[in-house]
Amino acid sequence: MVTASCPALPGALSEGGTREEALANIREAMELWLDVAAERGEEPPPEAHDTVLTSIARALAHREELGWDTTLETKVVTLERAAAA
C-alpha cells in the first residue's frame, strides 16, 4: 500500500495499491477538499513551505520511531481546476 498526503491541505490523505493509484487518489482527495472549502465559503490555505516541511519532518520522525524505512518521495501535483482558473 502506498500512502499520499497533501500537507498544504490539512487532512488530505489517501492511499493506493501502487504509486500511480495513490497519486490519482490524492488528486481526487485534494479536489474534494477544495470543493468542501468552496461550499463553506472558505479559501484554501495559502501555500506555506513551512507547513509542508513540518509535515515531512513529522512523517519521517514517526516512521523512524516505528522502525520503518524513512525514504519519502515528494511530488508537485497540479490540479486541472488550478490550470483552468
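The values are calculated or read from the model by the stated rules, or taken from the named source; none is laboratory data. Keep in mind the model is a prediction, meaning the values are calculated, not measured. No Cβ is skipped: glycine too gets one built from the backbone with ideal geometry, and neighbour counts run over all protein chains shown.
Of the residues that sit in segment 1-24 and are under 10 Å from the mean Cα position of the chain (by Cα), among the small types (Gly, Ala, Ser) and over 20 Å from TRP68 (Cβ atoms), which one is surrounded by the fewest Cβ atoms within 10 Å (Cβ to Cβ)?
Out of the qualifying residues, it is GLY11.
The conditions are (1) closer than 18 Å to ALA4 by Cβ; (2) free of Cβ contacts under 8 Å to residues at least 60 places away in the same chain; (3) among the hydrophobic types (A, V, I, L, M, F, W, C), and VAL77 fails exactly one of them. Which is it?
(2)
How many of the residues in segment 13-45 are closer than 19 Å to ILE56 by Cβ, modelled with pLDDT of 90 or more and assigned to a loop (DSSP other than H, G, I, E, B)?
0
Tally up the residues in segment 46-60 that are exposed (fewer than 11 other Cβ atoms within 10 Å of the Cβ) and either in a helix (DSSP H, G or I) or in contact (Cβ under 8 Å) with a residue 40 or more places away in the chain (or both), please. Write out each step before concluding.
So the first thing to find is which residues in segment 46-60 are exposed (fewer than 11 other Cβ atoms within 10 Å of the Cβ), and the list is 46-47, 49-50, 57.
Still in the running and either in a helix (DSSP H, G or I) or in contact (Cβ under 8 Å) with a residue 40 or more places away in the chain (or both): 49-50, 57.
Total meeting the criteria: 3.
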